[in-house]
Structures are given as structure tokens and as C-alpha cells.
1. Report, by chain and number, residues whose modeled amide H sits under 5 Å from the one on Asp43, excluding near sequence neighbours (fewer than 5 apart, same chain).
2. Starting from the amide H of Val19, placed 1.01 Å from N in the peptide plane, find each other amide H under 5 Å away whose residue is 5 or more places distant or on another chain.
3. With r defined as the distance between the Cβ atoms of Ala73 and Ala53 and R0 fixed at 25 Å, what FRET efficiency is calculated, to the nearest 0.05?
4. Pop out the carbon and sulfur fraction of the accessible area of the stretch 1-85 as a percent, whole number, probe 1.4 Å.
5. Using DSSP to call loops (not H, G, I, E or B), can you name the chymotrypsin sites (Phe, Trp or Tyr not before Pro) in the stretch 1-53 whose Cβ has at most 15 other Cβ atoms within 10 angstrom?
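The values are calculated or read from the model by the stated rules, or taken from the named source; none is laboratory data. These numbers were taken from a predicted model, which means no experiment stands behind them. Here Cβ is always computed from backbone atoms with ideal geometry, including for glycine, and neighbour counts include all displayed protein chains. SASA here: full protein model, heavy atoms, side chains in, ligands and nucleic acids out. Shrake-Rupley method; radii C 1.70, N 1.55, O 1.52, S 1.80 Å.
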Amino acid sequence: MIDDGPAIHYAAVQRGTPVYSSDELEVGAVEAVLDNYREHIFDGIVFKDREGALRFADAPEVSRTAERGVTLAVTAEQAMQLPAPDKGVPSFRPRNSRGRIGRLFGGGWKRQ
């Protein structure tokens, strides 16, 4: 059983929080929580897996957000097959992005 503490709102999940699969294996750590801010709708999480690759778990693939962990609704094997955030997650920007103005002047996220 995962000791992840009490359930919390998805917006309170911190970067670096462990991510667990439905079979209770640690599969990575949270990099970003995505939401539709205007409508307060949870979109999903971006996490870094154990090999260092970024993965995107869509909201239906996240079963619980807690103080000390995020639990996915997929197994560890399925979690390693989740897509990278730049494939189908247009709103993802790394934390060092400078936003709209920064992109205007050459900073921010660039797709390859």
C-alpha cells in the first residue's frame, strides 16, 4: 500500500512529487500539472520517468492526487508507453519558459 498521505486538489501537487502506477510501483516524478485555468478543468500531469524521459498522463489516467504522491490508473508497463508531452499536449511549457513575451523575443519552448 502506498503511503501518499491525504488527498489534495490537483493544483496543490508540487513538482518532484513521486508518481506511482496502479500496481503501486514508483514510475517517476511530477514535472508539471496541466489544467484549463479559465474553466478549472484538470488536463493531466507531465512526469519524468526513471530513465529521464518526459511522459504525459491525461486526466482519466490519473486516479489520485495526494500530499506525497500521484497515483495513475495504469500499470507501470502502461505508464512507460504514455506519450511525451510535446505529442498531443500543446499547452505544455517547461518551467524555465518566459511566457508569451519571452517567446516573442526568441525565448521559451520550441518544437522540433
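1. Leu34, Asp35, Asn36
2. Val27, Gly28, Ala29, Val30, Val70
3. Working: r = 20 Å, r/R0 = 0.80.
It comes out at approximately 0.80.
4. On the way: 2300 of 4720 Å².
With neighbouring chains kept in place, the figure for the stretch 1-85 is 49 percent.
5. Those satisfying the criteria are Tyr37.
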